[in-house]
Amino acid sequence: MEGRTAAVLLAAGKGTRMESQVHKQYLEICGKPLLYYTLHAFENSSVDEIILVTGYGETEYCQKEIVEKYGFTKVKAITEGGKERYHSVHRGLKAVKDCEYVLIHDGARPCVTAEIIDRASLGARTYRACVVGMPVKDTIKVSDEEEFASVTPDRSRLWLIQTPQAFEYSLVLKAYEMLMSSEQHQEGITDDAMVVETMTQEKVKLIRGDYSNIKVTTPEDLEIAALFLQKAFK
Ligand code: CTP
Ligand code: MG
């Protein structure tokens with residue numbers, strides 16, 4: 001694919017909902033840290049370079065115990081993240097050098113595949129901005145303040161959104177610079193598409209990820225991810 005592509009891998013979260021002593025990105029799945037699987041997929045994709053964003057004081061551990069130990073050659077920088085996810089993304093974007101496209105991915109999605117990554121890369125070239133996701137299977141309801149059902153949106157238009165989220169680098173960097181300098185928009189930002197949707201005129205294309213591309217968030221997700229990874233690494 002034409003144009004250099006970077007991936008910003010986010011691993012600076014505290015994993016509060018996992019309720020474990022060790023941050024979830026370092027928990028072991030089948031004998032290897034969760035983050036290993038995420039890096040493995042990107043190492044084996046068409047991405048040219050990887051920027052790893054870790055928690056405060058964790059860069060050396062990641063360098064020695066993950067990147068060097070497993071021989072990931074595409075990792076060009078390891079940088080510390082910030083308080084919220086969007087702070088970490090901003091730091092990661094600033095560490096990218098000479099790339100036309102960038103994929104932003106949750107380190108906590110270890111079941112991503114090189115195929116999904118390459119589809120997102122192609123999406124960035126075709127649409128300038130795209131995110132992977134899947135049509136929802138369940139009925140979704142919006143509740144009112146007392147937790148009574150208030151609205152039931154048309155299911156055929158609802159997607160659950162995953163990562164990678166892939167963009168022209170200059171577009172997403174501009175959107176993040178605007179976000180960082182405008183205090184009022186920063187609340188409730190949970191993904192990168194929202195930043196591009198709010199800060200620019202660009203339309204964000206939804207492309208298919210996979211139902212197995214889950215985010216490891218709560219303890220039962222770890223068991224599900226282990227099942228998918230056992231199958232993939234058999
Ligand atoms: N992340 C990050 N920097 C932050 C917060 C999150 O790099 N300040 C990363 C996480 O490491 C994860 C991804 O963003 O890979 C998605 O976030 P989430 O699933 O919410 O992870 P955590 O914030 O770690 O978990 P929790 O919200 O339960 O504390
Ligand atoms: Mg979080």
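Miscellaneous remarks
- The criterion of at least 2 residues that are in contact (Cβ under 8 Å) with a residue 60 or more places away in the chain and closer than 27 Å to Gly82 by Cα is met by the following strands (runs of 3 or more DSSP E) wholly inside the range 120-234: 129-135, 159-168.
- Single residue of the range 205-223 satisfying the filter (more than 15 Å from the chain's Cα centre (by Cα) and within 19 Å of Val22 (Cβ to Cβ)) that is surrounded by the most Cβ atoms within 10 Å (Cβ to Cβ): Leu222
- First in the range 82-94 and in a loop (DSSP other than H, G, I, E, B), second anywhere and more than 6 Å from ligand 1 (Cβ to nearest atom), Cβ under 7 Å, 6 or more apart: Gly82/Arg91
- Screening the candidates Tyr61, Tyr26, Tyr86 for the property of being more than 10 Å from ligand 1 (Cβ to nearest atom) and touching a helix residue (DSSP H, G or I) at 6+ places or on another chain (Cβ under 7 Å) yields one hit, Tyr26.
- Taken over the range 29-55, the criterion of being hydroxyl-bearing (Ser, Thr, Tyr) and more than 10 Å from ligand 1 (Cβ to nearest atom) is satisfied by Tyr36, Tyr37, Ser45, Ser46.
- Only residues that are within 16 Å of ligand 2 (Cβ to nearest atom) and of a type in the set (Gly, Ala, Ser) were counted across the range 97-120, and they come to 2.
- Complete set of residues in the range 1-13 that are of a type outside the set (A, V, I, L, M, F, W, C) and either surrounded by fewer than 16 Cβ atoms within 10 Å (Cβ to Cβ) or assigned to a loop (DSSP other than H, G, I, E, B) (or both): Glu2, Gly3, Arg4, Gly13
- For the range 62-78, the condition of being of a type in the set (S, T, N, Q), in a helix (DSSP H, G or I) and either more than 15 Å from ligand 2 (Cβ to nearest atom) or on the phi < 0 side of the Ramachandran plot (or both) holds for at least one residue.
- Every residue from the range 130-151 that is loosely packed, with under 12 Cβ neighbours inside 10 Å and under 22 Å from Thr113 (Cα atoms): Lys137
- When Thr79, Thr73 are checked against the criterion of being of a type outside the set (Asp, Glu) and over 26 Å from Met178 (Cα atoms), a single residue qualifies: Thr73.
- Residues that are within 12 Å of ligand 2 (Cβ to nearest atom), part of a loop (DSSP other than H, G, I, E, B) and over 16 Å from Ile214 (Cα atoms) within the range 14-33 comprise Lys14, His23, listed in sequence order.
FYI, it's all coordinate maths here, none of it is from the lab. Just so you know, these numbers come straight off a predicted model, no measurement behind them. Virtual Cβ from ideal backbone geometry, glycine too; neighbours counted across all protein chains shown.
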